[in-house]
Amino acid sequence: MPVVHIYMFPGKTKEQKNELVKRISKDFEEVASIKPESLNILFHDTAKEDWGVRGSLASEQTPR
């Protein structure tokens, strides 16, 4: 049973996450013949203060 972990900053809505689940599930079924009922998708909302990127905390980065 495959598990997909998605790490991202907080702020995505339930609707956005639901759409991601639908699309990822569809792709796994089409590409790898894995049925949606056999796939687990976990969202990890991680605060910018807990995420290091490009040598510093994401909370310290200037928006691009």
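Here, each number is a calculation from the coordinates, and none is a lab measurement. Note that this is a predicted model, so its numbers are computed, not measured. When we count neighbours, we look across all protein chains shown, and the Cβ atoms used for this are built from the backbone with ideal geometry, even at glycine.
Would you mind ranking S25, S38, S33 by Cβ crowding within 10 Å, fewest neighbours first?
S33, S38, S25
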- Item | Quarter of the Cα convex hull surface for the chain, i.e. its orientation-mean projected area (nm²) | 5.6 nm²
- Query: Over the chain, what is the percentage of antiparallel beta bridges among all DSSP beta bridges, to the nearest 5?
  - Reply: 25 percent
- Query: Which value, in debye to the nearest 20, gives the size of the charge dipole of the chain about its Cα centre, when Lys and Arg are +1 and Asp and Glu are -1 at the Cβ?
  - Reply: 140 debye
- Could you compute the FRET efficiency for K17 and E37, with r as their C-beta to C-beta distance and R0 at 22 Å, rounded to 0.05? 0.75
- Message: Net charge around F43, counting only other residues with Cβ within less than 11 Å of its Cβ (Lys, Arg = +1; Asp, Glu = -1)?
- Response: +2
- Take a quick pass over the chain and tell me how many lysine pairs come in under 18 angstrom between Cα atoms, counting only ones 8 or more apart or on separate chains. 6
- Query: What's the angle, to the nearest 10 degrees (0 to 90), between helix 14-32's Cα axis and the longest principal axis of the chain?
  - Reply: 50 degrees
